[in-house]
Amino acid sequence: SGLIQVDGYTGYNLVAERPDIVRAGCWAHVRRKFFEALRSSPIEATRAMALIRAMYRLEAAGRVARLDGPARVAMRQAEIRPLINELRTWLDTVDPPPRTPLYEAVTYARKQWSTLLVFLDRSELTLDNNGAERRQRPVAQGRRSWMFAGSNGGAESAAILFSLFGSCQIVGIDPDRWLRDTLDALSTDRARKPWADLTPAAYAQRATAAAAAV
């Protein structure tokens with residue numbers, strides 16, 4: 001099965017509702033909703049945001065401590081889950097007026113709740129999908145320039161390349177060098193090399209191992 005970490009936008013449902021996909025939620029989007037409710041409901045919104053802020057501080061401390069996967073999950077269960085439980089108790093008791101920013105924030109959190117808990121048991125996940133959204137921003141900014149892909153196939157190829165180049169950025173390798181080396185590998189070793197060995201992550205692991213051996 002695979003993981004997809006997204007906000008509550010229904011456009012993701014086509015992928016997220018597949019039986020082989022686990023959907024994880026985004027706490028940054030929950031916080032954003034309460035931030036929008038600050039002006040009209042400062043006491044309630046501040047309480048929710050304080051709990052979410054405490055979660056992020058604990059997660060940041062875990063990154064500084066370089067916790068491995070099992071230790072990160074243990075920390076989340078011991079320290080972050082009680083904050084989430086407190087927030088859930090509050091969500092179950094608060095009753096904001098309909099069609100208010102606070103109502104929208106509370107309703108959004110309630111609807112997304114099951115997806116917001118997924119990260120607790122999955123060390124590979126973060127609290128939000130901010131990293132993925134930052135990597136989508138160049139695509140959104142260039143949308144007018146790239147309005148016409150030429151064909152459906154061209155658009156699909158562009159989407160695949162954007163994803164691969166984004167993966168290169170995540171693992172810290174030069175996309176141009178990865179692409180050149182991968183095309184060379186495909187032309188000379190395609191029959192014997194597993195596809196997984198050609199991914200940016202595998203390329204970065206080989207580069208790190210080579211540098212350590214020098």
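Data table
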| item | result |
| --- | --- |
| Accessible area of the chain divided out per residue, in Å², using a probe of 1.4 angstrom | 64 Å² |
| Theoretical gain in end-to-end length, residue 68 to residue 114 [0.36 nm per residue, Cα-Cα removed] | 14.1 nm |
| Gyration tensor verdict on region 1-88 (Cα atoms; rounded if a/c is under 1.5, prolate if a/b is larger than b/c, oblate otherwise) | oblate |
| Kyte-Doolittle at least 0.5, axis length at least 27 Å by Cα - qualifying DSSP helices, the chain | 152-171 |
| Distance between region 104-136 and region 1-78 - C-alpha centres, whole angstrom | 4 Å |
| Inter-label distance, nm, simple model (7 Å from Cα along the C-beta direction), residue 47/residue 152 | 5.1 nm |
| Built amide H within the under 5 Å cut-off of residue 5, gap 5+ | 24 |
| Contour minus Cα-Cα distance for residue 124 and residue 180 (0.36 nm per residue) | 17.3 nm |
| Sites residue 160 and residue 91 - FRET efficiency at Förster radius 35 Å, r taken between beta-carbons, to 0.05 | 0.35 |
| Label-point gap, in nm, between residue 196 and residue 21 - each point 7 angstrom along Cα→Cβ | 2.2 nm |
| Label selected from [x] 7, 24, 30, 23, 12, 4, 0; [y] 8, 25, 21, 17, 16, 10, 3, 0; [z] 8, 35, 39, 17, 1, the criterion being P(r) over Cα pairs in 10 Å bins from 0, in percent as computed here | [x] |
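The values are calculated or read from the model by the stated rules, or taken from the named source; none is laboratory data. The structure displayed is predicted, hence computed values, not measured ones. A quick note on method: Cβ atoms are made from the backbone with ideal geometry, for glycine too, and the neighbour counts reach across all protein chains shown. Surface areas here come from the heavy atoms of the whole protein model, side chains and all, with no ligands, DNA or RNA. Shrake-Rupley method; radii C 1.70, N 1.55, O 1.52, S 1.80 Å.
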